[in-house]
1. Within region 67-77, identify whether any single residue is in contact with a Phe, Trp or Tyr (Cβ under 9 Å, 6 or more places away or on another chain) and open to solvent by 50 Å² or more (accessible area, probe 1.4 Å), and answer yes or no.
2. Just to check your reading of the model, which residue among Leu38, Leu63 is touching a Pro at 6+ places or on another chain (Cβ under 9 Å) and open to solvent by less than 60 Å² (accessible area, probe 1.4 Å)?
3. Suppose we keep only residues that are open to solvent by 40 Å² or more (accessible area, probe 1.4 Å) and under 19 Å from the mean Cα position of the chain (by Cα) within region 149-164. Which one would you say is nearest to Lys120 (Cα to Cα)?
4. Go through (1) modelled with pLDDT of 75 or more; (2) outside any strand (DSSP E or B) and name the single condition Gly17 misses.
5. So which pairs qualify, if the first residue must be in region 55-80 and farther than 28 Å from Asp108 by Cα, the second must be part of a loop (DSSP other than H, G, I, E, B) and open to solvent by less than 50 Å² (accessible area, probe 1.4 Å), the Cβ gap must be under 6 Å, and the two must be at least 6 apart or on different chains?
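The values are calculated or read from the model by the stated rules, or taken from the named source; none is laboratory data. Computed from a predicted structure; not experimentally measured. Heads up, the Cβs are rebuilt from the backbone with ideal geometry, glycines too, and the neighbour counts pull from every protein chain shown. The accessibility values were calculated without ligands, DNA or RNA, using every heavy atom of the protein model including side chains. Shrake-Rupley method; radii C 1.70, N 1.55, O 1.52, S 1.80 Å.
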Amino acid sequence: ILHDESNAKTNELDLFGLLPDVLAIQQHPSFDAKIKSLQFLNYTYAPIDLSGKVGKGRIKANLVTKDNNLNAKISLDYNKSRREVGKFTAEVLSFRPGKLNLTDKHADKTFSFNAEGSYKYTANNDRLIELKMSDLAYDDTKSKETVKKIVISETDTGKEKTLHIESDFINGDIYGEYEYKELAKTFMNAIGREIPALAATTKKSTDNIY
């Protein structure tokens, strides 16, 4: 069992950098670490607990924080078997980006949501990716809005890609040519419009064709 405690101060958020040394983890079947103090954008977070197990091509990890402005539990399960499988779950009870100095657009808003994502390869070697969000809510002390469901799934056969969207407010399918790194740029551009501190400082162009 690996135990580690550390402090961190940064203006660039790198969750991978918060994990104990990778080589040290690989030498142990389980790890248990605590970030006693993390300062990001002049905000000091409450302790963050990291735990998990590693072995035989599989990694299971948990991150828990009970900060007043970020109360969340995130779990990751990655299995590099004959058909690679990965999934994560997130339970966010409260997230106040304004209080965390991440943005000035949502100073008085509190967000909460549940999320789970997965990707896997089928017997035909098609890749399936799915992201589900439920009970996405925000409260600005004056009113409260809730989106019950958002599901985004993708099928990649190697010849054709299909992106399926299903939610309370939009439903449809997107067919076309795109790269995952380009989708990431599109996503980060969208995030940057709402929470600038979580995105790149400059807008990135994309080459996706829908």
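1. The initial filter retains those residues of region 67-77 that are in contact with a Phe, Trp or Tyr (Cβ under 9 Å, 6 or more places away or on another chain), namely 67, 69-72, 74-77.
If we keep only those that are open to solvent by 50 Å² or more (accessible area, probe 1.4 Å) too, we end up with 74, 76.
Yes, region 67-77 contains a residue that is in contact with a Phe, Trp or Tyr (Cβ under 9 Å, 6 or more places away or on another chain) and open to solvent by 50 Å² or more (accessible area, probe 1.4 Å).
2. Checking each option against the conditions leaves just Leu38.
3. Just the residues of region 149-164 that are open to solvent by 40 Å² or more (accessible area, probe 1.4 Å), to begin with: 149, 152, 155, 157-160, 164.
Narrowing the set further to residues that are under 19 Å from the mean Cα position of the chain (by Cα) leaves 149, 152.
On the way: Lys149: 22, Ile152: 15 Å.
Only one residue tops the list, namely Ile152.
4. Tallying (1) modelled with pLDDT of 75 or more; (2) outside any strand (DSSP E or B), Gly17 fails exactly one: (1).
5. Lys80/Gly57
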